[in-house]
Each structure stands twice: as C-alpha cells, then as structure tokens.
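S.K.: Take this structure first; my questions come after.
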C-alpha cells in the first residue's frame with residue numbers, strides 16, 4: 001500500500017493583481033498581515049483540537065487508508081492549494097478519484113457541454129465520473145478530509161477557515177476578495193460547509209469566505225464547529 005506523498009512545489013507569497021491594481025504593482029501577498037486572523041489564540045486552539053481529534057480517530061485512519069487502497073491506487077492524495085499570504089501547500093486527503101482524474105475530467109467536459117457549463121459556474125459536477133465508489137462515501141461523510149488534521153498541525157491549515165482553493169479559482173472568481181482570503185489559513189470546515197456546501201453558488205461561496213476572513217472571532221469558530229457536527233451526518237449539500 002502506497003502512503004508516500006509526491007513532492008509539491010511551494011511558491012513564494014504571490015498572487016495576481018486584484019481589481020483596480022495595475023499588473024506591475026507589488027504582489028497581493030505583500031499586503032497580507034504578518035500573522036493570519038486569530039493569531040496565537042486560534043493557533044493554540046487548532047493544535048489542541050487537531051491532536052484531540054486525531055487521538056479519538058486514530059484506529060479509523062489506517063482502516064480508511066486500506067479501503068481506499070483496495071479500490072485501486074494510492075490511499076492518499078495531495079493537491080496544491082493556496083494558503084495564508086498566497087503561499088501554496090499540499091492539501092492532504094484520502095484519494096476519492098480515479099487515477100489520471102484530470103485527463104478524465106477534460107475528456108468528460110469535452111464530450112458533455114452541459115457538464116462543461118456546470119463546471120464553469122460551480123467548479124463541481126452533479127455526476128462526476130472521476131469519483132470512485134469508496135470515494136463517493138468518503139466525500140458524502142467528509143471522511144476524506146481527515147488527513148487535513150496533519151495540515152493543521154503543520155500550520156498550513158486551520159480547523160475553521162475559508163475553503164482551500166487552487167490558484168485558478170482565485171484568478172477566475174475571487175477578484176479583489178482574494179485580498180481577504182489570504183489573510184486566513186484555509187480551514188477543514190467553515191461557513192461554506194455549514195451553509196449548504198455544494199448547494200451554494202460559487203459567488204455565494206466566495207462571499208462566505210470573505211465574510212469569515214473579515215469578521216473572524218473565536219466565538220464564530222466555535223459556532224461553526226458546533227454546526228459542522230450535525231451538518232456532516234445530514235449530508236446536506238454533499239457533493
């Protein structure tokens with residue numbers, strides 16, 4: 001069973017100019033604060049919370065890894081996402097897609113114009129041919145995101161925060177709101193996860209990410225965590 005993570009390139013704090021910024025202006029990452037929202041209080045809570053959850057679920061992690069491996073392919077998947085100050089990192093997940101998923105997606109979008117339109121507007125597909133059988137269950141229950149607890153421990157993510165997105169999404173959908181996104185560490189859960197998840201439009205998701213980054217409070221994090229618990233079993237809006 002393969003559990004190694006391929007090396008991912010890490011870019012400097014860089015992001016394309018936001019609305020109203022000229023192409024030759026300094027990278028947007030230069031204007032982010034030195035510490036993410038929440039600072040030491042949020043970081044301390046992340047470490048304690050992630051360790052506590054890992055201790056509780058430790059027996060489950062290898063069982064899920066074996067189940068994914070038996071479905072064909074490596075157990076884990078690491079995808080490059082944008083984090084605090086625009087730095088990229090390898091976001092960990094249990095693999096939920098077939099190997100060569102990018103090529104399969106490209107072919108599917110080329111063959112199905114309606115799927116291409118849905119992907120362009122939502123960055124998600126109602127019927128995604130890349131998802132494996134075990135992957136569909138892991139996604140519906142959010143169990144595929146459990147390895148991200150290790151991203152939390154390394155300081156790349158937070159328990160609560162904006163959705164971890166790829167640079168292409170920031171380029172195409174966030175505009176000036178990217179300035180708010182890069183002030184926070186991406187979260188395993190967040191306003192999007194407790195507000196309908198895949199049922200929300202992409203514009204709404206960007207608005208939720210921005211609202212969280214601009215209006216963060218420790219109480220807000222606690223409320224989101226408490227709402228996450230019933231949101232997962234209900235599978236509301238799960239992709």
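The values are calculated or read from the model by the stated rules, or taken from the named source; none is laboratory data. All values derive from a computational prediction rather than experimental measurement. FYI the Cβ positions are ideal-geometry reconstructions off the backbone, even for glycines, and counts take in every protein chain you see.
S.K.: Just to be sure before I move on: is residue 163 in a loop (DSSP other than H, G, I, E, B), in contact with a strand residue (DSSP E or B) (Cβ under 7 Å, 6 or more places away or on another chain), crowded, with 17+ Cβ neighbours inside 10 Å and at pLDDT 90 or above in the structure I sent?
M.R.: Considered against the rule, which asks whether it is in a loop (DSSP other than H, G, I, E, B), in contact with a strand residue (DSSP E or B) (Cβ under 7 Å, 6 or more places away or on another chain), crowded, with 17+ Cβ neighbours inside 10 Å and at pLDDT 90 or above, residue 163 comes out as no.
S.K.: Name the one entry in 117, 140 that is surrounded by fewer than 17 Cβ atoms within 10 Å (Cβ to Cβ), out of contact with any strand residue (DSSP E or B) (no Cβ under 7 Å at 6 or more places or on another chain) and touching a residue at least 40 places away in the same chain (Cβ under 8 Å).
M.R.: 140
S.K.: Quickly run through the range 178-225 and pick out the residues that are assigned to a helix (DSSP H, G or I), touching a residue at least 60 places away in the same chain (Cβ under 8 Å) and closer than 23 Å to residue 90 by Cβ.
M.R.: Answer for the range 178-225, where residues must be assigned to a helix (DSSP H, G or I), touching a residue at least 60 places away in the same chain (Cβ under 8 Å) and closer than 23 Å to residue 90 by Cβ: 178, 181, 213.
S.K.: From the set of residues in the range 121-137 that are touching a strand residue (DSSP E or B) at 6+ places or on another chain (Cβ under 9 Å) and part of a helix (DSSP H, G or I), which is surrounded by the fewest Cβ atoms within 10 Å (Cβ to Cβ)?
M.R.: My answer is 134.
S.K.: Just to be sure before I move on: is residue 175 crowded, with 16+ Cβ neighbours inside 10 Å, modelled with pLDDT of 85 or more and not in a strand (DSSP E or B) in the structure I sent?
M.R.: When the stated conditions are applied, residue 175 does not pass them.
S.K.: Can you tell me which of (1) closer than 30 Å to residue 171 by Cα; (2) at pLDDT below 95 is the one residue 46 doesn't meet?
M.R.: Checking residue 46 against (1) closer than 30 Å to residue 171 by Cα; (2) at pLDDT below 95, the one that fails is (2).
S.K.: Tell me whether the range 61-76 contains one or more residues that are closer than 13 Å to residue 149 by Cα and touching a helix residue (DSSP H, G or I) at 6+ places or on another chain (Cβ under 7 Å).
M.R.: Within the range 61-76 (the criterion being closer than 13 Å to residue 149 by Cα and touching a helix residue (DSSP H, G or I) at 6+ places or on another chain (Cβ under 7 Å)), the answer is no, since none of the residues qualifies.
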